[in-house]
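Asker: Okay, here's the structure, questions in a sec.
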Amino acid sequence: MVVKVYKDAETIGKAAAAMFAARVLEKPDCVLGLATGSTPIPTYNAMINYFKEGTVDYSKVTTFNLDEYVGLTHEHDQSYYYFMHDNLFNSINVPEESIHVLCGTADDLEAECAQYEAAIEAAGGVDLQILGIGHNGHIAFNEPADTFAAKTHVVSLTARTIEANTRFFASSADVPRQAVTMGIGTIMKSKAIVLVATGAGKAQAVHDMIYGEIDPKCPASILQLHPNVTIICDKDAASML
Ligand code: GLP
């Protein structure tokens, strides 16, 4: 693992976006793994700037998002499909048919997960995956558990995640109780991973990810076994290192 500590969220975003830009410039038809949450937003802003200034062309890129809430339509402003279009896709030139976000309203969620996993394989796997981290060490929606989930699957969200995500909804009762998410195995197959974290609330999770036992109780700890992980955080998130 490489750990970089930068002064603020904007600088972190620029650093992560530079990694994406480098990947796209080197391999224009690369496969990018994308994430939601507030932490990657400065990264997406910087990726948009690269496009607007003409430095990076995303027209041959394929994307796969990590996860989606069960039950929210694409039009719901808290669906991750909507989030990604609002924060990135509406402002760059990835063709809509090259954008993949799990469908949380599929009739058969198991089949949706299996198809998604197969689509990632068929695309040749993810070249560069961005991750945030939950306060409880979750990555995507892989919550603390007894085992690491191998593949894309349906999950029940923990009370802590529901509480953390309530800020985006009218009330905690409106937060979906389930999600569909890439598995830990799916994420670990990415060729390179960049994880971004900001704020003191992430300090314990960042510490446990880097120094803790590799344990599904802290899903991000599995990243210790990945050969190409860059963690970019601010001083507050790095305060327990
Ligand atoms: C959600 C997402 C995760 C994200 C986490 C942290 O639970 N499923 O992918 O890492 O939130 O979000 P934030 O960056 O807003 O703290």
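Asker: Report whether or not Gly33 is within 15 Å of the ligand (Cβ to nearest atom), assigned to a loop (DSSP other than H, G, I, E, B) and within 24 Å of Thr181 (Cα to Cα). Reasoning before the result, please.
Answerer: On the way: within 15 Å of the ligand (Cβ to nearest atom): yes; assigned to a loop (DSSP other than H, G, I, E, B): no; within 24 Å of Thr181 (Cα to Cα): yes.
Criteria not met by Gly33.
Asker: Could we say that Ile99 is of a type in the set (A, V, I, L, M, F, W, C) and either closer than 30 Å to Thr158 by Cβ or in contact (Cβ under 8 Å) with a residue 60 or more places away in the chain (or both) here?
Answerer: Answer is yes for this residue.
Residue by residue, here is whether (1) surrounded by 15 or more Cβ atoms within 10 Å (Cβ to Cβ); (2) under 22 Å from Gly134 (Cβ atoms) holds:
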residue: Lys27; (1), (2): no, no
residue: Gly37; (1), (2): yes, yes
residue: Met47; (1), (2): yes, no
residue: Phe64; (1), (2): yes, yes
residue: Tyr69; (1), (2): yes, yes
residue: Asn90; (1), (2): no, no
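Asker: Taking Ala173, is it closer than 26 Å to Ala200 by Cβ, of a type outside the set (S, T, N, Q) and more than 9 Å from the ligand (Cβ to nearest atom)?
Answerer: no
Asker: How about the stretch 111-142: which of its residues are more than 7 Å from the ligand (Cβ to nearest atom), in contact (Cβ under 8 Å) with a residue 24 or more places away in the chain and hydrophobic (A, V, I, L, M, F, W, C)? Lay out the reasoning, then the answer.
Answerer: Narrowing the stretch 111-142 to residues more than 7 Å from the ligand (Cβ to nearest atom): 111-130, 135-137, 142.
This time we only want the ones that are in contact (Cβ under 8 Å) with a residue 24 or more places away in the chain, so: 112-114, 116-117, 119-120, 123-130, 135-137, 142.
Cys113, Ala114, Ala119, Ile120, Ala123, Val126, Leu128, Ile130, listed by residue number.
Asker: Only one of these is in a helix (DSSP H, G or I), more than 17 Å from the chain's Cα centre (by Cα) and in contact (Cβ under 8 Å) with a residue 24 or more places away in the chain: Ile12, Ile48. Name it.
Answerer: Ile48
Asker: Still on this structure, please answer the following. Of the residues that sit in the stretch 194-219 and are surrounded by 21 or more Cβ atoms within 10 Å (Cβ to Cβ) and more than 11 Å from the ligand (Cβ to nearest atom), which one is nearest to Leu32 (Cα to Cα)?
Answerer: Val194
Residues checked against (1) away from the ligand (no atom under 11 Å from the Cβ); (2) touching a Gly at 6+ places or on another chain (Cβ under 6 Å):
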residue	(1), (2)
Thr152	yes, yes
Val155	no, no
Thr158	no, no
Asn165	no, no
Phe169	yes, no
Arg177	yes, no
Ile184	yes, no
Lys191	yes, no
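Since every read-out is calculated from the coordinates, none of them should be taken as a lab result. Not measured: the values here are computed from a predicted model. FYI the Cβ positions are ideal-geometry reconstructions off the backbone, even for glycines, and counts take in every protein chain you see.
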